[in-house]
1. If each residue's Cβ is checked for other Cβ atoms within 10 Å, how do A:Met287, A:Met365 rank with the fewest at the top?
2. Can you tell me the orientation of helix B:50-59 relative to chain B, as the angle in degrees between its alpha-carbon axis and the longest Cα principal axis, to the nearest 10?
3. Which chymotrypsin sites (Phe, Trp or Tyr not before Pro) in region A:393-496 sit in a loop by DSSP (not H, G, I, E or B) and have at most 15 other Cβ atoms within 10 Å of their own Cβ?
4. If I model region A:260-324 as equal point scatterers sitting on the Cα atoms and use the Debye formula, what is log10 I(q)/I(0) at q = 0.13, 0.20 Å⁻¹?
5. Rounded to whole Å and sorted largest first, list the principal axis extents of the Cα atoms in region A:346-512.
6. For A:Leu615, what residues show an amide H to amide H distance below 5 Å, using hydrogens built from the backbone and excluding near sequence neighbours?
7. Taking every DSSP beta bridge that has both residues in chain A, what percent is antiparallel when rounded to the nearest 5?
8. Among A:Ser558, A:Ala284, A:Leu16, flag the residue with its Cα farthest along the positive direction of the charge dipole of chain A, charges on Cβ as +1 for Lys/Arg and -1 for Asp/Glu.
Amino acid sequence: MSDAPQEKGPRFHAPLRVGVYVCRCGGNISDVVDVEKVAEMAEKLPDVVVARVHTFMCSDPGQGMIEKDVRELRLNRVIVASCAPSLHETTFRLTVMRAGLNPFLYEHANIREQVSWSHKSTPDEATEKAFRLVAAAVAKARTLQPLEPVRVTAERRVVVIGGGITGLKAAVDLSRRGFGVTLVEKTPFLGGRVARLDKLFPTETPAREVLAELFEKVQNDPSIEVLTLTEVKGISGALGMFDVTLETAPRGVTGPLDDPEKVFSACPVEVDDEFDYGLSKRKAIYMPWKGCAPALPAIDFENCTKCGKCVEAAGGKGIELDGEPVRRTVKAGAVLIATGFDLYDHTREYGHLPNVVTLPQLIRMLDEEGPTGGRLVWNGKEVKRIGFLHCVGSRQVAGIHEPPEGGRLNEYCSRVCCTATLHAAVEVRKRFPDTKVFDFYQDIRTYGRGHEDFYEDASNADVLFFRWRVEDQPVVEEGSSAPLAVRVKDQLSWNEELETDLDLLVLAVGMVPRDNRELLDVLKVPSSSDGFLQEVHPKLRPVETAVPGILLAGTAQSPMDTVECASSAAAAAAKAAAMLWSGYIELEPFIANVDEDKCTGCGDCLAACNYDGALSIVEKEKDGAKVKVAAVNAALCKGCGACVAVCPERAIDINGWTLEQYEAMVEAFVADYDENAEEQK
Amino acid sequence: MQNGEFEPKLVGFLCRWCSYTGADFAGISRLQYPPNLVPIRVMCSGRVDPTFVVKALAEGADGVLIAGCHPGDCHYQEGNFRAFRRYPLLLKMLEQFGIEPERVRLEWISAAEGEKFARVVSELTETVRALGPLDWKGRTAPREDGVQQGKREVANV
C-alpha cells in the first residue's frame with residue numbers, strides 16, 4: 001500500500017468525488033458504443049468530478065491514469081465501465097487500493113458482454129444502455145461505504161476423498177507442504193483402479209510398484225490419517241473452516257491374522273472378485289492382492305453370512321463380526337475430491353455375445369498375478385485371434401447411438417483408451433507371437449508424450465488396423481467358424497466390407513462419471529454437461545469447483561491417464577496449500593449487517609437463513625432493558641440476502657449490496673436523461 | 001422511442017452466479033437481443049425482495065425479469081426456491097393493482113444458457129411491447145371518487 005491518505009480518515013467524510021472511466025476495449029466496446037458520449041453524459045451526473053475514456057483501461061497506462069486521478073483529484077468513488085465484472089472487477093478494486101482508496105469504494109459497469117457484444121446492430125440504443133449502466137453504477141457508488149475483508153482462521157488440514165493414485169499423490173504433496181491430511185477411501189483398500197493395472201504407459205513402470213511407493217509414504221507419515229471404508233456424510237462451514245462428517249464402516253478384521261490363507265479358505269461364501277472385474281472369485285473375507293494397503297484383510301459384509309467359520313479358523317483372534325459404523329467430524333480448511341471414474345457399461349450392446357471382454361479385464365488377464373496367471377486363454381482355450389474395438393461408450397453420436405434409459409450419450413473422448421488399447425495390443429504381440437491382433441478404430445488419438453510410440457510399435461508388430469466411420473458402426477456377431485465375427489466397412493481399403501473371425505473381442509470401454517450422487521449432493525459441487533465434475537475455469541482455475549475450498553483432481557473431473565492424474569493431484573494440492581497457507585482466509589465483506597435500532601428480534605431472518613450459525617438471536621442491553629436482536633456470524637454468512645428479503649423492519653441488509661443501493665440503481669436505470677442538459681439529476 | 005414505436009424499459013435482476021454469467025455468456029457467444037433490459041447483478045434470486053420489483057415498476061420500468069440458478073443449482077443451496085415461492089404472491093399482488101402479470105417474469109438461466117438468456121429477453125421485450133407502457137402512477141393513483149383503480153378497471157378498458 002502507498003502512503004496515500006486512507007479514505008477512512010477525514011477524507012471519507014469529505015464530499016463525494018466520483019471518477020468514471022469508460023473503456024474502449026480496443027474497439028470491442030467502442031465499435032458499437034459511443035464511449036465518448038457515455039463519458040460526456042456521465043460527467044454531468046451528480047458528484048462526478050471526472051469522466052475519461054481509455055483504449056485499454058486494464059492496461060498499465062489505463063490503471064495508472066485512474067491511480068493518478070484518485071490521488072490528484074482526490075476521488076473517493078471510482079467506476080470503470082468495461083468488460084464483465086468476472087474478468088476485471090478485482091483488477092480495478094486493486095487499482096484504487098494502490099491509490100489509497102478502500103477497494104470497496106469501487107463499482108463496476110459491464111458494457112461489453114452485456115452491451116456492445118449483444119447489441120451490435122443498434123448502436124444508439126446500446127450507447128443509451130451503456131450510459132444507464134454507468135448512471136446506475138454512479139448512483140450505487142455514491143452510497144458505497146468502505147468495507148474490510150472478513151478474516152477467519154484457516155484449518156491447516158485437508159480432507160482428500162478417494163484413495164486412488166490421485167488422492168494418494170495429493171495427500172503426499174499436501175503433507176510435504178506441512179498440512180494435515182485425512183485421506184478417506186470408501187472401499188477397504190487403497191490404490192483404486194491403478195492397482196488393477198499391470199504396467200503403466202508410457203514408461204512401462206509396474207503399476208503396483210508406483211502404488212507401493214505411495215502407500216509407504218502415506219502410511220508412514222504421521223500427518224496423514226488414512227481412513228478406509230469411510231464415506232463423507234455431511235459438510236458444513238466454508239473454505240478454511242469446514243466440518244466434515246465421516247462415517248467408517250466396520251472392517252470385520254480388527255488385527256493381524258496368524259494364517260490368513262487358512263481363514264480365507266474357511267469362508268464358504270464365494271463372490272465375483274471386483275479386483276479382477278469379475279473374472280475370478282473371492283471369499284467374503286479377503287485381501288485383493290499381495291501388496292494391498294492396509295495389509296489387513298476385510299470382510300465384505302454385503303455378502304458375509306456371519307456364519308462364524310472365519311472366527312473359528314482364526315482361533316477367535318482378530319475378527320469381529322458385529323461391528324457398527326462409527327461417525328465423527330473432522331475440521332478441515334479444504335476438501336479435495338478425487339473420487340475417480342466408472343467404466344462404461346457395455347452390456348446393453350455387447351452383453352449377449354460370448355467371448356467379449358473389456359480392456360480392463362484383458363489387462364487383468366495379461367497380468368502374471370491376474371486371474372489367468374498371465375496366459376491369454378478364454379474358456380480354457382488359447383486365444384489365437386484377438387480383436388480390439390475402440391470407442392465403446394465414448395464419442396457417441398445422437399441418431400447413431402442410443403442413450404441408456406434416463407441417461408445421456410457420452411459425446412466426449414475418453415482419451416486414455418487409444419493408447420491403453422495399443423499398449424495392450426503390442427503386449428499381446430510381444431508375448432504371444434502366434435496370436436493375431438486386429439484393431440478396429442475410428443480415429444487413433446495417442447496424444448500424450450510417448451504415446452505415439454505405441455501406435456508405431458503396434459504397426460511394426462503387424463497389428464492389423466481397420467478404420468470405421470461413426471455412421472458405419474462395426475457389426476459384432478457370433479461367428480460360424482469362430483466364436484465371433486466382426487464386420488466393418490473399412491476406410492483403409494476404400495470402404496470394402498471386411499469380416500474378421502475372432503476368438504476374443506476386447507472392448508475399449510470409455511470412462512464415465514462416477515455414480516456418486518449422494519456425495520455430490522452433500523458437497524453441492526456442480527457437474528458439467530458430460531456429467532464429470534466441473535472446474536470454475538478450465539485454464540484460469542482448473543482445480544477449483546464453484547464451492548470455494550472444494551477442489552477436484554483426477555478422473556472425477558474428466559478422463560485422464562495416470563500421468564495426468566498425478567499432475568492434477570499435484571496442482572490441486574498446491575492450490576489447497578496456497579489457499580490455506582497464511583493460516584487465515586479473507587472473505588468478501590458482503591455479509592449481513594443488522595441495524596439493532598430497527599431489529600425487533602422476530603427471527604424471520606433466522607428462518608430464511610440457509611447457513612447454520614450464520615444468524616442467531618441474542619439478548620442485548622438497550623436503554624436499560626434487555627432486548628432480543630439478530631446477530632451475524634461474519635465467518636459463516638455468505639451474503640446471499642435471503643434474510644434481507646424477509647425482514648419486515650428492513651433492519652437487516654447486506655454490506656455492499658444494500659437495499660438503498662439497489663433502489664438507487666433502479667431509479668438511475670429508469671430515469672429520463674436529457675443528453676443536452678447541463679447537469680443530470 | 002424508435003420510429004415512434006413504444007420501447008419498453010425493462011429491469012433484470014440476475015443472480016450473480018448463474019444468470020448474470022449466462023448473460024455474459026450470451027455476449028461472449030455474440031448472441032444478439034434487444035437492448036431494452038438493463039441488468040442488475042444480485043447475489044441470489046432469493047435476495048430479490050418483491051419491493052425491488054414494485055420499486056422498479058413504480059419508478060418507470062415497464063417490465064421486470066428475475067433470473068436465478070436452476071432448482072438444485074443455487075449457490076446458496078435454496079435461494080432460488082425462495083424466489084420461486086415468492087413469485088406467485090408477487091404476481092397476485094400486481095394483479096390486484098391491475099398490472100398484467102406477464103410484465104414480470106421469473107426464469108432459471110444457468111451460466112451456460114446464454115441462448116436462453118437472449119431468448120427470454122427477446123420474448124419479454126416483445127410481450128411488454130405488446131402490452132404497452134405500464135404507467136404505474138396513472139394506474140395506481142387514487143381516483144377522484146376515492147376508489148382505488150384496480151383489475152376491474154383495466155378489464156373495462
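1. Numbers: A:Met287 22, A:Met365 25.
Lowest to highest Cβ neighbour count: A:Met287, A:Met365.
2. Orientation of helix B:50-59: about 60 degrees from the principal axis.
3. Values: sites: A:Tyr412, A:Phe438, A:Phe440, A:Tyr441, A:Tyr447, A:Phe454, A:Tyr455, A:Phe465, A:Phe466, A:Trp468, A:Trp494; in loops: A:Tyr412, A:Tyr447, A:Trp468, A:Trp494.
Taking region A:393-496 and a limit of 15 other Cβ atoms within 10 Å, the loop chymotrypsin sites (Phe, Trp or Tyr not before Pro) found are A:Tyr447, A:Trp494.
4. Once normalised to I(0) and log-transformed, intensities are -0.33, -0.79.
5. Reported extents, whole Å, longest axis first: 40, 39, 35.
6. Here A:Asn633 satisfy the definition.
7. Details: 57 of 107 bridges.
If I count the DSSP bridges inside chain A, around 55 percent turn out antiparallel.
8. A:Leu16
We did not get these values from a lab; they are worked out from the coordinates using the rules stated. These numbers were taken from a predicted model, which means no experiment stands behind them. Note: ideal-geometry Cβ built from the backbone for every residue, glycine included; neighbour counts use all protein chains shown.
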